[in-house]
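First up is the structure itself, then whatever we jot down about it.
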Amino acid sequence: MTQRLAGKRALVTGGASGIGLAIVKAFREEGARVVVGDQCASADDAEFVAMDVSDWDSVQRVVGEVGLVDVLVNCAGIMHVGKLHEVDPADYDRIQAVNARGTFLCCRAVIDGMLAAGRGNIINLASVASLIAVERRFAYCVSKGAVLALTRAIAVDYAGQGIRANAICPGTVDTPMIRGYVDKYFGDDVAGTIASLHARQPVGRMGRVEEIAALAVYLASDESAFLTGAAIPIDGGWTAK
Ligand SMILES: NC(=O)c1ccc[n+]([C@@H]2O[C@H](COP(=O)([O-])OP(=O)(O)OC[C@H]3O[C@@H](n4cnc5c(N)ncnc54)[C@H](O)[C@@H]3O)[C@@H](O)[C@H]2O)c1
């Protein structure tokens with residue numbers, strides 16, 4: 001069978017863990033050449049480059065090394081739990097720096113090459129928190145709202161130049177990020193919190209990383225050529241309620 005991403009070169013930020021790691025595997029299975037950019041080293045990945053998406057010098061260096069990027073997946077992200085009155089301004093700044101500004105910086109770094117090539121594809125990991133307010137995720141909601149807004153702005157500005165941009169908006173997906181913040185913020189009731197994280201999707205469970213990666217493959221492939229500027233919920237029905 002024809003590989004759906006044959007000949008494409010991809011950069012996946014946050015590709016050392018969780019959803020990003022699943023996207024890296026799925027892209028490679030479909031024939032893409034994938035560079036993994038992450039602040040944490042990926043075990044035994046020959047195509048790993050260390051990067052901090054919140055640092056412009058770091059992002060420029062990595063994109064300079066990779067060369068032309070056909071598909072950029074912005075998956076690096078961090079979580080914060082708290083309502084407005086619980087948010088320390090320094091934590092707020094860090095969330096925006098990684099999730100929102102980091103996505104901007106990576107898009108900014110690849111866009112000149114995409115314009116010169118006359119083609120390009122940007123896939124941003126937004127969230128249901130881009131579409132609805134998720135309780136006690138104030139700073140995260142703000143950051144993911146920005147990710148969706150910048151995705152749409154890029155899609156509209158470059159639709160005539162062969163460049164697409166789409167946002168994946170997952171519900172709760174079982175990853176190290178989820179397990180990490182449950183331990184950090186809900187350590188007194190880990191089992192009960194995990195159960196509630198399953199239950200908030202109408203299908204009654206968290207998503208699996210492979211399910212998100214399958215959507216990313218479709219968005220990265222030419223099958224989705226007519227799709228740009230979209231915010232695609234993949235959330236077990238959460239935002240349909
Ligand atoms: N897991 C979920 O329920 C869920 C839901 C909606 C959206 N998302 C989004 O999907 C993306 C991936 O989430 P995940 O759950 O797989 O998380 P994860 O913690 O498993 O993976 C995130 C990766 O990003 C990397 N990273 C963090 N900050 C970075 C930085 N400054 N520079 C470079 N790399 C950095 C981490 O090292 C890690 O490898 C995130 O953007 C997250 O907000 C996750």
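3J(HN,Hα) along segment 193-199: 5, 4, 4, 5, 5, 5, 6 Hz, from the Karplus curve 6.51 cos²θ - 1.76 cosθ + 1.60 with θ = phi - 60°, whole Hz, x for Gly and Pro.
Of the two radii for the chain, the radius of gyration is 0.95 times the Kirkwood radius, both from the alpha carbons; that is the Rg over Rh value. A cut-off of 5 Å between modelled amide H atoms, ignoring neighbours fewer than 5 places along the same chain, links F186 with no other residue.
If R0 is 25 Å, the Cβ-Cβ spacing of D222 and Q60 corresponds to a FRET efficiency of close to 0.30. Of the chymotrypsin sites (Phe, Trp or Tyr not before Pro) in segment 184-227, the ones in a loop by DSSP (not H, G, I, E or B) with at most 12 other beta carbons within 10 Å are F226.
Available extension along the chain between V190 and E29 is 54.5 nm, counting 0.36 nm per residue and deducting the alpha carbon span. For segment 70-75, putting each phi into the Karplus relation 6.51 cos²θ - 1.76 cosθ + 1.60 with θ = phi - 60° gives couplings of 6, 10, 9, 10, 8, 10 Hz, in residue order, rounded to whole numbers and with x for Gly and Pro.
Label zone of E86 (point 7 Å out along Cα→Cβ, amide N under 15 Å): in segment 117-141 this covers 134-141. With K and R counted +1 and D and E -1, the other residues having a Cβ less than 14 Å from that of V217 yield a net charge of -3.
For segment 143-209, trypsin sites (Lys or Arg not before Pro) are listed when DSSP marks them as loop and at most 16 other Cβ atoms sit within 10 Å of their Cβ; the list is R205, R208.
Taking all protein chains together and a probe of 1.4 Å, list L131, L197, L227, L215 from the most accessible to the least accessible. Each step should come with its number before you reach the end.
On the way: L131 70, L197 5, L227 50, L215 25 Å².
Solvent-accessible surface, decreasing: L131, L227, L215, L197.
Across segment 140-147, rounded Karplus estimates of 3J(HN,Hα) from the backbone phi angles (6.51 cos²θ - 1.76 cosθ + 1.60, θ = phi - 60°) give 5, 4, 4, 5, 7, x, 5, 4 Hz, Gly and Pro being marked x. Computed with every protein chain present, the accessible area of L21 is close to 60 Å² [probe 1.4 Å]. Between M1 and V156, full extension at 0.36 nm per residue minus the direct alpha carbon distance yields a gain of 52.4 nm. Of E30, E210, the residue with the largest accessible area leads and the full order is E210, E30 (1.4 Å probe). Helix content alone sets the calculated 222 nm mean residue ellipticity of the chain: runs of n ≥ 4 DSSP H residues at -39500 (n - 2.57) each, divided across all residues, give -13000 deg cm²/dmol.
I232 contributes about 40 Å² of solvent-accessible surface, heavy atoms of the protein only, 1.4 Å probe. A cut-off of 5 Å between modelled amide H atoms, ignoring neighbours fewer than 5 places along the same chain, links V173 with G207.
For the chain, calculate the relative contact order in percent as a whole number, restricting contacts to Cα pairs under 8 Å that are 6 or more residues apart. Present the calculation step by step, with values, prior to reporting the outcome.
Details: 475 pairs, mean separation 49.5, N = 241.
It comes to 21 percent, rounded to a whole number.
The values are calculated or read from the model by the stated rules, or taken from the named source; none is laboratory data. Since we're looking at a predicted model, the values are computed, not measured. Here the Cβ is made from the backbone with ideal geometry for all residues, glycine too, and neighbour counts use every protein chain on show. SASA here: full protein model, heavy atoms, side chains in, ligands and nucleic acids out. Shrake-Rupley method; radii C 1.70, N 1.55, O 1.52, S 1.80 Å.
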